[in-house]
């Protein structure tokens with residue numbers, strides 16, 4: 001009888017570990033910026049205009065465009081300070097920078113936020 005209890009407890013423990021690992025993996029995947037890749041063409045047209053300015057090296061409409069994005073929110077992959085740069089994506093009708101940004105990484109990554117760094121999507125600039 002003691003042996004049956006041990007086997008049952010071990011099976012229950014194993015089941016808890018498997019289900020727990022599956023749930024943790026799902027949560028981690030959902031929390032990673034860019035788990036979904038969005039085509040640049042699906043973003044507002046001002047994002048394409050900003051991307052074209054980035055590729056041309058400017059000019060940029062705001063002095064803070066091209067400055068270091070510190071990733072203080074921790075939503076993008078952890079990289080050394082200075083790895084990311086941010087650029088304003090204009091919002092029609094606003095007379096200030098607004099909330100939309102493109103963030104570039106040194107290895108060519110491109111991210112978009114429409115809510116001032118509360119969330120990001122990974123962008124494929126070739127689509």
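Just so you know, all these numbers are worked out from the coordinates, no wet-lab data involved. Just so you know, these numbers come straight off a predicted model, no measurement behind them. Cβ atoms come from the backbone with ideal geometry, glycine included; neighbour counts cover every protein chain shown.
Spin-label model, residue 127 to residue 85: label points 7 Å out along the Cα-to-beta-carbon direction sit 2.6 nm apart. Peptide packing for 60-68, 104-112 was compared via the average number of neighbouring C-beta atoms within 10 Å per residue; ordered from the highest value, the list is 104-112, 60-68.
Maximal additional length on extending the residue 36-residue 95 stretch stands at 18.1 nm, based on 0.36 nm per residue less the C-alpha distance.
In terms of its alpha-carbon gyration tensor, the stretch 36-124 comes out rounded; the largest-to-smallest axis ratio a/c stays below the 1.5 threshold.
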